[in-house]
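Every number here is computed from the coordinates shown, using simple stated rules; none is lab data. Please read all numbers here as calculations on a predicted model, not as lab measurements.
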Amino acid sequence: MNKEFALVTGASKGLGKAFAFELSKRKMNTILIGLPDEGLDLLTNELKNKYEVESVFYETDLTIKENILKLAAWVNENFSVSILINNAGVGGTKEFLNADVNYIDRIIQLNIRATSILTHQILPNLLKQPQAYILYVSSMAAFSPIGFKTVYPASKAFIDYFSRGLHQELSGTNIFISTVHPGSMKTNRDVTERINKLGTYGKLGLLPPEKVAEISINQLFKKNPVIHLNASNVFNRFLIKIIPAWIRLPVITRVIKKREIDRE
């Protein structure tokens, strides 16, 4: 266990995949976590061949607590982890009343429970390293409630509070914690279609996943606790802070309802 690894959840696509490439470019070994049959075997082979690093994968559903514990036990037994990137998450846009209970539960289990438990289980491993880092992927949605998204912004607000609290708790240790709050990213066809439907609103702060990963890793190693991706990201957050919720919330909700709501 002398080689150090970076563990990335949700690594098979989107931002997680971008993190895998960004870390490999920097000659860092990776442990990539994702759902079964999403091409993690091909991705790890590509990273090994292209960047001459070690890369292994583990396929599991992190919404199941037992799976998280098994994953953590496997990692802790076989690898020295110096970087943990909690990227796995899920969202969506539905009328809460008509949303399937499994849709609601999946957001809670993956965004909140999996993030908390995996961090808890990997912490002893991180504490053994000379220097270790944890990166949490929250969202701009964490800074405001949004109708027709309801559970998702609340889950991302949890990540924001959780990471900041843990950052203070672990101050003075070898572990540094950062949180990034991306805006819109065209990570797959469905998300791209939703962003395009939102027009100008959907393009505010828009960055490709590769750029988000690059900036995030740079800022993580510079030990910035809150990562600002670009000027638009900072400005949008400023607007959210200064515009009263009674004005902001109805406006955002109307935009979401008109252009993005999934009525399936």
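Taking square-rooted eigenvalues a ≥ b ≥ c of the alpha carbon gyration tensor, is region 4-259 rounded, prolate or oblate, where a/c under 1.5 means rounded and, failing that, a/b exceeding b/c means prolate?
prolate
Going down the list Lys3/Lys48; Lys17/Lys94; Lys149/Lys257; Lys50/Lys128; Lys48/Lys222; Lys70/Lys128, which pairs span over 18 Å between their C-alpha atoms?
Going by Cα-Cα distance, Lys17/Lys94; Lys50/Lys128; Lys48/Lys222; Lys70/Lys128 fall outside the 18 Å limit.
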